[in-house]
Amino acid sequence: MSVIISFEGVSKKFTLHHERARSFQELVVGFFRRDNRSREEFWALRDVSFTVERGETVGLIGPNGAGKSTVLKLVSRIIEPTSGRIEVNGRVGALLELGAGFHPDLTGRENIYLNGSILGLSRAQIRWKLDEIIAFAELERFIDVPVKHYSSGMYVRLGFSVAVHTDPEILLVDEVLAVGDAAFQKKCLEKIAGFRRRGGTVVFVSHNLRLIQQLCERVFWLDGGEIRQIGPPDRVIRSYVADVARQRERELSVLNARYVAAPPRGKLRIREVVMRDGYGRPRGVFLSGEPVHIHISYECAERVEKPIFSVLIHRSDGEYISSTNTYDIDPLDIGPIEGTGELVVEISRLALYEGEYFLSVGAYTEPDPPFWATPAHFLDKVRRFHVHSPDGAHGILVLQARWEHHPDIGRNP
Ligand SMILES: Nc1ncnc2c1ncn2[C@@H]1O[C@H](COP(=O)(O)OP(=O)(O)OP(=O)(O)O)[C@@H](O)[C@H]1O
Ligand SMILES: [Mg+2]
């Protein structure tokens, strides 16, 4: 095996130019301080070392701003490292950020020539590939239109087509693939598969962990400009997902701690709402399908004869998802209450898919409808929680379905 890409202690510093102070207040403060700092240094990568073997497919994962695109730009020599050594022993075809490498005023055709020559192809070589590039990009009708009039999907199609048809040994693919429609994505993935079969090397950046898992032999996890882990997809993706969940858990606990409850309007008050997992641990991030227990503690200013409690779930975009109450949905005769106490809502399987949700809790002293119109205390969106579905399934509601197969039914005797 031979090394085709090597990074040795690579760091990249960007200088951010703050064009102007953000507010009048900052302007005034800046004036009196005589401190008009308009430049700020930012390390996008710090001491990054790795090697990629010829023929390998490597995935780069990590949160926004981790430095993934910066790595690709360094490999393709669009930018230079601030320090460290980079060696690339092969021709690079790159599909980087939208529009990178395209001149907006030139037509699609002219940009193909421009890109081809940057990649070291002669005009004759490019002419030979031209039809194939245009056909793959499905841009026949638009190829003589300046690319500034292209949609983002058209940009990506042209960019990818140029990258794969200019005979690269290394293919760099940034997240942008996701901009294209599903049919084009499929075509690109097939093209990438063919390129790999012929021994090509691929460095692939994506937030789609399933795709990374399927495509890559090794995964690099970048975080804050540094390599956190390099290894087999299973292991690295698992650590990354766990880390993201831990971080989200911390953020949610801060957000939830900041919640300011509205004062009660009646003699019954909700003191606290806690979401716990099946082991009784307070949590903000749950796995799709796991048990959730919602603990609601209350306090009455005086005896309440027939209290009712309700729980509502909304998605973070405000869409109402579902609810339960002790009155008519999941009836529970609570009877007269006094002083303090706690109710527990047991959800045996959280049937929600990936997303952010809100929990609201209401307490009512009216024993008859419409009790919901007059809550004694209503905590609107009191808990924000995250549901993670590891298999990348999408939608809102998990159908708790089971399939059966009866092969003999319908066959003629
Ligand atoms: N030309 C630039 N000038 C200044 N800062 C930059 C420049 N390019 C990137 N950065 C900064 O460097 C950091 C890393 O950026 P990069 O684009 O590599 O992240 P990324 O991992 O690709 O993130 P994403 O998942 O959002 O695409 C970011 O904080 C970004 O703001
Ligand atoms: Mg990026």
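Tell me the per residue accessible area of the range 3-245 using a 1.4 Å probe; a whole number in Å² is fine.
Ligands and nucleic acids excluded, the result is 52 Å² per residue.
Can you give the relative contact order of the range 259-388 as a percent, counting alpha carbon pairs under 8 Å and 6+ residues apart?
Averaging sequence separation for qualifying contacts and normalising by length gives 33 percent for the range 259-388.
Solvent-accessible area of Lys306, probe 1.4 Å, all protein chains present, reported in Å² to the nearest ten, please.
Lys306 has an accessible surface of roughly 120 Å² with all protein chains in place.
Ignoring ligands, DNA and RNA, please state the percent of accessible area on the range 116-213 from carbon and sulfur, probe 1.4 Å. Don't jump to the answer; show the numbers that get you there.
Details: 2460 of 4740 Å².
Of the solvent-accessible surface of the range 116-213, carbon and sulfur hold 52 percent.
Would you mind checking the range 219-253 for residues with the amide N under 14 Å from a putative spin-label position 7 Å along Cα→C-beta of Leu287?
238-239, 241-243, 245-246
Hey, what did the chain get for relative contact order, percent, Cα under 8 Å, at least 6 apart?
Numbers: 790 pairs, mean separation 56.6, N = 413.
Normalised by residue count, the contact order of the chain is 14 percent.
Compute the length gained on full extension between Glu319 and Ser389: take 0.36 nm times their separation in residues and subtract their Cα-Cα distance, giving the result in nm to one decimal. Please list the in-between numbers first.
On the way: separation 70, 0.36 × 70 = 25.20 nm, distance 1.91 nm.
The Glu319-Ser389 span can extend by a further 23.3 nm.
At Ala193 and Glu249, where each label point lies 7 Å from the Cα along Cα→Cβ, what is the point-to-point distance in nanometres?
Taking the two extended label points, one gets 3.8 nm.
Separation between the Thr374 and Met1 pseudo-spin-labels, each 7 Å from Cα along Cα→Cβ, expressed in nm?
Roughly 7.4 nm, to one decimal.
Among the lysines, which fall within straight-line cross-link reach of Lys191, defined as a Cα-Cα distance under 28 Å, with same-chain neighbours fewer than 8 residues apart omitted?
Answer for Lys191, where 28 Å is the Cα cut-off: Lys68, Lys73, Lys129, Lys148, listed by chain and number.
Pull out the extension gain between Glu356 and Leu332, defined as 0.36 nm times the separation in residues minus the alpha carbon to alpha carbon distance; nm, one decimal.
Details: separation 24, 0.36 × 24 = 8.64 nm, distance 2.87 nm.
In short, 5.8 nm is gained.
Figure the gain on full extension for Ile79 and Lys148 (residue separation times 0.36 nm, minus the Cα-Cα span) and round it to one decimal in nm. Please list the in-between numbers first.
Details: separation 69, 0.36 × 69 = 24.84 nm, distance 2.32 nm.
Gain on stretching Ile79 to Lys148: 22.5 nm.
Give the lysines whose C-alpha is closer than 25 Å to that of Lys306, dropping any in the same chain fewer than 8 places away, or say none.
Candidates past the 8-residue exclusion: Lys267, Lys381.
Okay, which of the range 370-386 sit inside 20 Å, backbone N to the point 7 Å along the Cα-Cβ direction of Val260?
What the label zone holds, given the 20 Å backbone N cut-off, is 377-384.
Taking 25 Å as R0, compute the FRET efficiency from the Cβ-Cβ separation of Thr51 and Ala178 and round it to 0.05.
Working: r = 28 Å, r/R0 = 1.10.
Here the calculated transfer efficiency is 0.35.
Using 19 Å as the cut-off for backbone N distance, which residues of the range 69-96 belong to the label zone defined by a point 7 Å from the Cα of Lys13 along Cα→Cβ?
Under cut-off, by backbone N: 70-71, 74, 79-86.
At what distance in nm do the modelled label points of Trp128 and Glu272 sit from each other, each positioned 7 Å from its Cα along Cα→Cβ?
Calculated label separation equals 7.5 nm.
The values are calculated or read from the model by the stated rules, or taken from the named source; none is laboratory data. As the structure is a prediction and not an experimental result, all values here were calculated from the model. Heads up, the Cβs are rebuilt from the backbone with ideal geometry, glycines too, and the neighbour counts pull from every protein chain shown. The protein model used for the area step is the full one, side chains on, heavy atoms only, and it has no ligands, DNA or RNA in it. Shrake-Rupley method; radii C 1.70, N 1.55, O 1.52, S 1.80 Å.
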